[in-house]
Every structure is written in structure tokens, then in C-alpha cells.
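Enquirer: My structure is below; once you've seen it, I'll send some questions.
The values are calculated or read from the model by the stated rules, or taken from the named source; none is laboratory data. All values derive from a computational prediction rather than experimental measurement. Cβ placement follows ideal geometry from the backbone for every residue including glycine, while neighbour counts extend to all protein chains displayed. Heavy atoms of the whole protein, side chains included, go into the accessibility calculation; ligands, DNA and RNA do not. Shrake-Rupley method; radii C 1.70, N 1.55, O 1.52, S 1.80 Å.
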Amino acid sequence: QVQLVESGGGLVQAGGSLRLSCATSGSIFRFNTMGWYRQPPGKQRELVANFTSDGTVNYADSAKGRFTITTDNAKQAIYLQMNNLKPEDTAVYYCTAFRVGFGNPWWGQGTQVTVSS
């Protein structure tokens, strides 16, 4: 049973920083894609950043220059360093992982990030 567990969310003032972590367990294979999505209040879930096993990294325009996604390949863990946070970054942040041939991606339970102005 694959499980993803996020941590590191919280309340921060605008301009501050947070580092989100996502730990995985139960996987005996390498994921093809891992990344972060977020869902702001009243809005749809959206991509923040992800990377693929071939080394490709993607960032949403809103994340470029402020957020950095990194990985610990040995642990199949991923991280999201978020700097210069803005109130519009307020959302539930979800970790996701995908493996070709295994159907839908796996999701964590989410971690709340709240940025006050």
C-alpha cells in the first residue's frame, strides 16, 4: 500500500518561507513522476511543481523564482522550499506520485499553508 505523507505547512506572514516535505512508504518501485499540487479556497487543484524520472522539472508560473522542488532519491521523498510567500499562496498543498502502469496517481492527505498579509 503506497502512502504519501506531507508535513511542514503552517501559518506564515507574507514574505516568509516554509519548507514542505513529502515522505513515501509502501513502494517497491520507482515513481515516474512526483510533485506538488495545491488547492486554494474555493478553487480547483492546480500544479505547483513536479519532476519526472528523466530529470525534467516543471513549475507553475506562480511558483517560478520563489519555489524550489527537490528530491531525495534514496528515500523517494520530495520537498518544496517556498520563499517570499504571498497571501495568494494560501492553499492546501498535496504531494502526488505516479507510476506508469499503475492507474491513477497517489495523493497525500494535504497540508495547510496560510499566508497572512
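Enquirer: Calculate, for region 16-117, the solvent-accessible area per residue in square angstrom, rolling a 1.4 angstrom probe over the heavy atoms of the protein chains. Working shown, then result.
Expert: On the way: 5320 Å² over 102 residues.
With all protein chains present, region 16-117 gives 52 Å² per residue.
Enquirer: Using a Cα-Cα cut-off of under 26 Å, which lysines could be cross-linked to K75, ignoring same-chain neighbours fewer than 8 residues away?
Expert: Correct list for K75: K64.
Enquirer: Over the chain, what is the relative contact order in whole percent, taking alpha-carbon pairs under 8 Å and six or more residues apart? Walk me through the intermediate numbers first.
Expert: On the way: 281 pairs, mean separation 42.9, N = 117.
This gives 37 percent for the chain.
Enquirer: Can you pull the percent of the chain's accessible area that's carbon plus sulfur, 1.4 Å probe, other chains left in place? List each step's numbers first, then the result.
Expert: Values: 3060 of 6270 Å².
C and S atoms contribute 49 percent here.
Enquirer: Quote the charge dipole size of the chain about the Cα centre in Debye, to the nearest 20; the model charges only the Cβ of Lys and Arg (+1) and of Asp and Glu (-1). Before the final figure, lay out each step's value.
Expert: Numbers: 10 positive and 7 negative charges, 9 e Å.
Taking the Cα centre of the chain as origin, the dipole is about 40 debye.
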